Amino acid sequence: MVKDGDPSWKPTFIVKPDGGCQGDGIYLIKDPNDIRLAGTLQSRPAVVQEYICKPLLIDKLKFDIRLYVLLKSLDPLEIYIAKDGLSRFCTEPYQEPSPKNLHHIFMHLTNYSLNIHSGNFVHSDSTSTGSKRTFSSILCRLSSKGVDIKKVWSDIISLVIKTVIALTPELKVFYQSDIPAGRPGPTCFQQLICKKEHMEHVCKL
């Protein structure tokens with residue numbers, strides 16, 4: 001693979017075992033031949049993605065964003081997204097992947113269940129500091145650097161809508177299988193209790 005005409009560039013891949021959780025079994029590779037074909041959890045079917053080697057950093061740390069979406073109805077399609085979410089931070093300053101640091105999980109993986117065991121994990125009562133922060137605090141930080149937050153939200157909402165639309169045919173199959181027509185009681189996959197003031201109506205198609 002060649003990127004931007006640079007023959008020396010080689011992608012990094014992140015391997016995520018099927019059915020895993022809390023970061024178990026996730027690992028980075030430079031060569032697709034390094035995918036582990038035998039062993040424990042890491043030998044199961046897996047999703048392999050190109051790793052983003054130049055992520056947005058805050059305080060020199062890689063972080064992720066966890067937002068919560070409620071799919072109220074499939075027909076008509078009605079989606080809600082929480083106004084705030086959670087950002088989880090790595091606990092080791094980020095460096096681009098290299099053979100020497102591919103196994104530094106505290107640098108590359110944001111999973112709370114992993115980083116909680118790092119000596120650098122920061123517990124904080126503040127929503128804008130520490131190894132777990134609110135998404136709104138991240139937006140404030142980005143806004144202070146000149147980022148158009150309205151566009152960020154618009155892009156997020158667009159991504160949510162497109163993702164749900166792509167999943168809708170399959171969701172309808174599962175819904176009709178689990179909840180036959182005329183079945184009494186709640187007609188949802190999972191009961192969800194939420195505070196209305198923390199939800200933003202995204203769309204009603």
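Read-outs throughout are calculated quantities, based only on the coordinates presented, and are distinct from any laboratory measurement. What you see is a predicted model, and the numbers here were worked out from it, not measured in a lab. Please note: Cβ atoms are built from the backbone with ideal geometry, for glycine as well, and neighbour counts cover all protein chains shown.
In the neighborhood of LYS30, defined by Cβ-to-Cβ distances under 13 Å, what is the net charge if each Lys or Arg adds +1 and each Asp or Glu adds -1? It would help to have the intermediate numbers written out before the result.
Details: positive: LYS10, LYS100; negative: ASP31, ASP34, GLU50, GLU96.
Surrounding charge for LYS30 is -2.
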Estimated distance in nm for a label pair at LEU142 and LYS162, the labels positioned 7 Å out from Cα along Cα-to-Cβ: 1.6
Inter-label distance for SER118 and LEU70, nm, one decimal - labels placed 7 Å from Cα along Cα-to-Cβ: 3.3
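Take each of the peptides 100-112, 150-162, 72-84, average the number of other beta-carbon atoms within 10 Å over its residues, and list them starting from the highest.
On the way: 100-112: 17.2, 150-162: 12.9, 72-84: 15.1.
Going from most to least packed, we get 100-112, 72-84, 150-162.
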Amide hydrogen neighbours beyond the local backbone of LYS83, cut-off 5 Å, H modeled: MET199, GLU200
Point-to-point label distance, LEU171-GLN22, nm (Cα→Cβ direction, 7 Å offset): 2.8
Overall form of segment 30-177 per C-alpha gyration tensor (a/c, 1.5; a/b vs b/c): oblate
